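What follows is one structure encoded as structure tokens, with my remarks underneath.
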Amino acid sequence: MSLQRRGYACISLLTGRSTNHTCTLRTASPERLRALIQQNLDELRAILEHNLEHGWRLFRIGSSVIPFGSHPVNQIAWWREFERELQSIGAFARENGMRLSFHPGQYTVLSSPDPLIVERAVAEIAYSARFLGALGLDARHKIVIHLGGTYGDKPAAMNRFSDTIARLAPELRQRLVIENDERSYTPADALAVSRRTKLPVVFDNLHYISNPGEGDVDELLGDVFATWHTRDGAPKVHFSSQAAGSRIGHHSADVDPAEFKAWVECWSAHGDFDLMLEAKNKDLALLELEKNL
């Protein structure tokens, strides 16, 4: 059993390209949004071509690939207007065995007691799912989310999260995976929510180091990998090293090769998997890591 795909998120430092070009809400005119969408799609295609040259078949698309994709200010039917470009990108990914994903930001919180925050979070997930669907990609191409805050009552927050998941449309639910975090929710917490929601779990090594919680790591990993089924694709893991002198859980610019190798061996004991590198130096860090290994 071994590492299958490897990749990084959103921005290619080696090419200077990004999938996250956006604007302010004040300047988000239809003309400006259309220009940014075209730029982001062009750069997404160029990044995927660059990644293929290096054998990197895992990539996280920036959530601003469609600027204000879940906000009412964007009234463009982008999935129709840019259908040709979207289908071409999706075909390229499928033909080359690539796996694409989203990881909405910190404000995508399904456990909030505020219904408006939850409504906005669902809108962000729906937009992300629509983009992956517009690429023609199946449910192996995921949307990674955190469980959110505890709001002074973690069991109640976990219940709210699970209840919200139960109300989502199947086409949204099938895309979602949940991740442990560095402060509030441990792998054991994520597994508890997974048992209720049937969502797969992403294991993040740095978050685990920062917030391990209960359970032996090998047992936790066995349970985490078991949350993934054939329809979901191979289990995904996140790897990064701790930034020296920074707060706990802060990603370093590059990667400790020895630490990386140790975690890969640990994960490999539980089956095949895909690995997202979350170093600040993006594909530059991945290239340097491969040289060192």
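The values are calculated or read from the model by the stated rules, or taken from the named source; none is laboratory data. Only a predicted model underlies this, so the values are computations on that prediction, with no experimental measurement involved. Using ideal geometry, Cβ is built from the backbone for each residue, glycine included, and neighbour counts are taken over all protein chains shown.
Restricting attention to region 150-173, the residues that are part of a loop (DSSP other than H, G, I, E, B) and either in contact with an Asp or Glu (Cβ under 6 Å, 6 or more places away or on another chain) or surrounded by 18 or more Cβ atoms within 10 Å (Cβ to Cβ) (or both) total 1.
Only one entry in Arg160, Arg173, Arg183 is within 25 Å of Ala262 (Cβ to Cβ) and touching a residue at least 24 places away in the same chain (Cβ under 8 Å), namely Arg183. Selection of region 77-124 for residues being in a loop (DSSP other than H, G, I, E, B), under 30 Å from Ser162 (Cβ atoms) and under 21 Å from the mean Cα position of the chain (by Cα) yields His103, Pro104, Gly105, Gln106, Tyr107, Thr108, Val109, Leu110, Ser111, Ser112. Looking across region 15-46, the residues that are β-branched (Val, Ile, Thr) and out of contact with any Cys (no Cβ under 9 Å at 6 or more places or on another chain) come down to Thr15, Thr22, Thr24, Thr27, Ile37. For region 78-98, does any single residue satisfy the condition of being among the small types (Gly, Ala, Ser), farther than 26 Å from Pro235 by Cα and modelled with pLDDT of 95 or more? Within region 78-98, one or more residues are among the small types (Gly, Ala, Ser), farther than 26 Å from Pro235 by Cα and modelled with pLDDT of 95 or more. Could you tell me whether Asn180 is surrounded by fewer than 20 Cβ atoms within 10 Å (Cβ to Cβ), on the phi < 0 side of the Ramachandran plot and in contact with an Asp or Glu (Cβ under 9 Å, 6 or more places away or on another chain)? Spelling it out, it is not the case that Asn180 is surrounded by fewer than 20 Cβ atoms within 10 Å (Cβ to Cβ), on the phi < 0 side of the Ramachandran plot and in contact with an Asp or Glu (Cβ under 9 Å, 6 or more places away or on another chain).
Selection over region 234-293 of residues that are of a type in the set (Val, Ile, Thr) and over 20 Å from Thr186 (Cβ atoms) gives a count of 2. Residues considered: Glu83, Glu53, Glu43, Glu31. Of these, the only one that is within 29 Å of Ala253 (Cα to Cα), charged (D, E, K, R) and surrounded by fewer than 18 Cβ atoms within 10 Å (Cβ to Cβ) is Glu53.
Table: residues versus (1) assigned to a helix (DSSP H, G or I); (2) acidic (Asp, Glu).
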residue	(1), (2)
Leu14	no, no
Arg32	yes, no
Asp42	yes, yes
His50	yes, no
Glu53	yes, yes
His71	no, no
Asn74	no, no
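Here region 267-290 is the region considered, the condition is being within 20 Å of Ala244 (Cβ to Cβ) and part of a loop (DSSP other than H, G, I, E, B), and the residue that is nearest to the chain's Cα centre (by Cα) is Glu278.
Cβ-Cβ distances below 9 Å connect the following pairs, each with a first residue in region 23-45 that is acidic (Asp, Glu), a second residue that is surrounded by fewer than 17 Cβ atoms within 10 Å (Cβ to Cβ) and assigned to a loop (DSSP other than H, G, I, E, B), and a separation of six or more residues or different chains: Glu43/Thr15.
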